[in-house]
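Structure first, commentary second.
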Amino acid sequence: MLIDRPEATAGTHLLELFPDGSHLDEHGRLRVGGCSLAEVAERFGTPALVVDEAALRSSARAYRRALAQHWPNSQAVFASKSFPCTEVVRTLVEEGLGVDIAGGGELVTALAAGADPEHIVMHGNAKTDEELAMAVAAGVGTIVIDNLHDLDRLEKLVTEGRQAVLLRVIPEVDADTHAAMQTGHRGSKFGLTGRQAAEAAARIRRSPRLRLDGLHVHVGSQLMETGPFRHAVEAIAALPGLDGHRVYDLGGGLGVRYTYSDRPPTIEEYIKTLTDAAREHLPHDARLIVEPGRSLVGPTAVTLYRVVTVKPGERPLVAVDGGMADNLEPMLYGQRFEATLVDRVGGGESCDLVGRHCESGDTLIRDVPLRSPHPGDIVAVPATGAYCYSLANNYNGARRLPVVFCRDGEAREAVRRETYADLLRRDTREVHPRALPFLQARP
């Protein structure tokens, strides 16, 4: 679903897609977090994922502020699948957020980042025995029951006290988003039907090892309207035999602005929609949880590439040193992004920005204006903080990109670039000596 957008002939509108505070210096070069992106690319190489730390912290504070105003008995937990980087999680934990995890690796990352296990929420439609055992051993505060087999496993694993759980229910709400991002529709692989949830609730109430705190609901990701969120609250409130709980986790899913035509609700508008619906349909003394992911981190990061080749044509093909190994969203969801050269911002000839990988589908952005691109130029793609790092891969032997935090003009590496040695680290046999010179090279 390539998204239409009006033509941008200057850098003004384009800058709106970059983290707040991004600007052009006296030489017309783009700066993010006070840092020259050209200098960041020179120092850390490309591709690189650049996080504006101040923007990240500001996003977390916006969620906390809106919740405190509209429903004080509440908590935001970061949906860490959207950017499972230890330094990102650590920053958001420092800002007072809990952490939402969906697997053993995300649990380890959250613990490594210093998250309080009591404020970790564990999800997953196919949680393994090992992952549930890890959660119980770590003292994870809340485990979301997605199916009846979760109950079988937990009742065997919990040996002391009672584990707090939530029941994930399917609200049967169709969200206007890509089919792969819908989660609350009839037939969703996530959650329980109303009848199954009632059965699970009765069983939990009889269990000496589990404690039913409430319900969880999620309708989808990259939602550009608030209506589905309101309908989801109405749906779970109407479930027979499942009312009057002390906790309601209303999920996440708020969309972000990837391109000029996108106009997502603000964080304030999103939270007010949820809390207005909760005030009308849920117990007034209930604790609300929200799970922002994309909307929390998406707008706070930028990916840098270096132009490798330019092929002339009806639309020039501008090939960069990254692609589907560091941003799968255009290929998986048809997501539209924008881009600019960091020292010639905005406007230019319409080009196709393509990746270096051996797939015709490895096109990052079609029909994007770039001003006289040449090999060696640095390209910046905004709004890459959500799911790009999560979905990064080693296709064609690509080494996964570094994460660089920028704040007040200072850049620091939070995650180093992979080395060629990293690519072979799990091999069980010794490598041939011919490879050794390349394995000793720096990233």
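The values are calculated or read from the model by the stated rules, or taken from the named source; none is laboratory data. Everything numeric in this text was worked out from a predicted model, so none of it was measured. Positions of Cβ are generated from backbone atoms using ideal geometry, with glycine treated the same way; all protein chains shown enter the neighbour counts. These accessible areas exclude ligands, DNA and RNA; they are computed on the full protein's heavy atoms, side chains included. Shrake-Rupley method; radii C 1.70, N 1.55, O 1.52, S 1.80 Å.
State the antiparallel share, in %, of DSSP beta bridges confined to the chain, rounding to the nearest 5. Don't skip to the end; give the middle numbers.
Details: 31 of 66 bridges.
Taking every DSSP beta bridge with both residues in the chain, the antiparallel ones total about 45 percent.
Calculate one ³J(HN,Hα) per residue across the stretch 208-225 by plugging θ = phi - 60° into the Karplus curve 6.51 cos²θ - 1.76 cosθ + 1.60, and present them in order as whole Hz with x for glycine and proline.
x, 10, 10, 10, 7, 8, x, 10, 10, 8, 8, 10, x, 10, 6, 8, 9, 9
With a cut-off of 8 Å between alpha carbons and a minimum separation of six or more residues, what is the relative contact order of the chain in percent?
On the way: 1008 pairs, mean separation 90.0, N = 443.
Averaging sequence separation for qualifying contacts and normalising by length gives 20 percent for the chain.
Please identify the longest segment of the chain free of exposed GluC sites (Glu not before Pro), where exposed means a DSSP state other than H, G, I, E or B and no more than 11 other Cβ atoms within 10 Å. Walk me through the numbers before you get to the answer.
Values: sites that count: Glu7, Glu26, Glu160, Glu314, Glu430.
Free of exposed loop sites, the longest segment is 161-313.
For the chain, with the dipole built from +1 on Lys and Arg beta-carbon atoms and -1 on Asp and Glu ones, taken about the Cα centre, which of Gly244, His23, Gly114 lies farthest toward the positive end?
Highest projection toward the positive end goes to Gly114.
Give the calculated FRET efficiency between Glu118 and Thr419 to the nearest 0.05, with a Förster radius of 41 Å applied to their Cβ-Cβ distance. The partial results should precede the final answer.
Working: r = 37 Å, r/R0 = 0.91.
FRET efficiency, Glu118 to Thr419: 0.65.
Quick one: dipole size for the stretch 235-281, taken about the Cα centre, charges +1 on Lys/Arg Cβ and -1 on Asp/Glu Cβ, in debye to the nearest 20.
Charge dipole, the stretch 235-281, about its Cα centre: 80 debye, nearest 20.
Suppose every Lys and Arg Cβ carries +1 and every Asp and Glu Cβ carries -1, with no other charges. What dipole size does the stretch 226-309 come out with about its Cα centre, to the nearest 20 debye?
Working: 9 positive and 10 negative charges, 83 e Å.
The dipole of the stretch 226-309 has a size of about 400 debye.
With every protein chain kept in place and ligands, DNA and RNA left out, what is the accessible area per residue of the chain? Probe 1.4 Å, answer in Å². The partial results should precede the final answer.
Working: 19300 Å² over 443 residues.
For the chain, the solvent-accessible area averages 44 Å² per residue.
Choose one answer from Leu424, Leu254, Leu37: the residue with the largest mean-square fluctuation in a GNM of the chain with alpha-carbon springs under 10 Å.
Maximum among the listed residues: Leu424.
In a GNM of the chain with a 10 Å cut-off on Cα contacts, which of Asp100, Asp326, Asp243 has the highest mean-square fluctuation?
In the Gaussian network model the winner is Asp243.
For Arg205 and Val108, FRET efficiency with R0 = 35 Å and r from the beta-carbon atoms, rounded to 0.05? Let's see the in-between values first.
Values: r = 32 Å, r/R0 = 0.92.
The formula returns an efficiency of 0.60 here.
Rounded to the nearest 10 degrees, what's the angle between the helix 53-70 long axis and the longest principal axis of the chain, both from Cα atoms, 0 to 90?
30
Please count, across the chain, the pairs of lysine residues with Cα atoms under 26 Å apart that sit 8 or more places apart or on different chains.
Details: Lys81/Lys127; Lys81/Lys189; Lys81/Lys272; Lys127/Lys156; Lys127/Lys189; Lys156/Lys189.
Pairs that pass both the separation and distance tests number 6.
Could you check how much of the accessible area of the chain is carbon and sulfur, as a whole percent, using a 1.4 Å probe?
Details: 9190 of 19300 Å².
Carbon and sulfur atoms account for 48 percent of the accessible area of the chain.
If you line up the long axis of helix 148-157 against the longest principal axis of the chain, both from Cα atoms, how many degrees apart are they, to the nearest 10?
80
Give the percent of DSSP beta bridges with both residues in the stretch 199-319 that are antiparallel, rounded to the nearest 5. Mind dumping the intermediate values first?
Values: 3 of 10 bridges.
About 30 percent, rounded to the nearest 5.
Find which of Ala414, Val368, Leu254 sits farthest along the positive direction of the dipole of the chain, computed with +1 on the beta-carbon of Lys and Arg, -1 on that of Asp and Glu, about the Cα centre.
Ala414
List the Cys residues of the chain that have no partner Cys with a C-beta closer than 4.7 Å.
Cys85, Cys351, Cys358, Cys388
Just how large is the dipole of the chain about the Cα centre, in debye to the nearest 20, putting +1 at every Lys and Arg Cβ and -1 at every Asp and Glu Cβ?
On the way: 50 positive and 60 negative charges, 160 e Å.
That gives a dipole near 760 debye.
Taking 0.36 nm per residue of sequence separation and subtracting the Cα-Cα distance, how much length would be gained by fully extending the chain between Arg434 and Glu26, in nm to one decimal? The partial results should precede the final answer.
Values: separation 408, 0.36 × 408 = 146.88 nm, distance 4.86 nm.
Gain in length upon complete extension: 142.0 nm.
Going by the alpha-carbon gyration tensor, a ≥ b ≥ c the square roots of its eigenvalues, is the stretch 1-155 rounded (a/c under 1.5) or, if a/c is not under 1.5, prolate (a/b greater than b/c) versus oblate?
Values: a/c = 2.24, a/b = 2.08, b/c = 1.08.
Prolate.
Among [x] 140; [y] 167; [z] 150, which is the computed volume of the Cα convex hull per residue in Å³?
The listed entry that was calculated here is [z].
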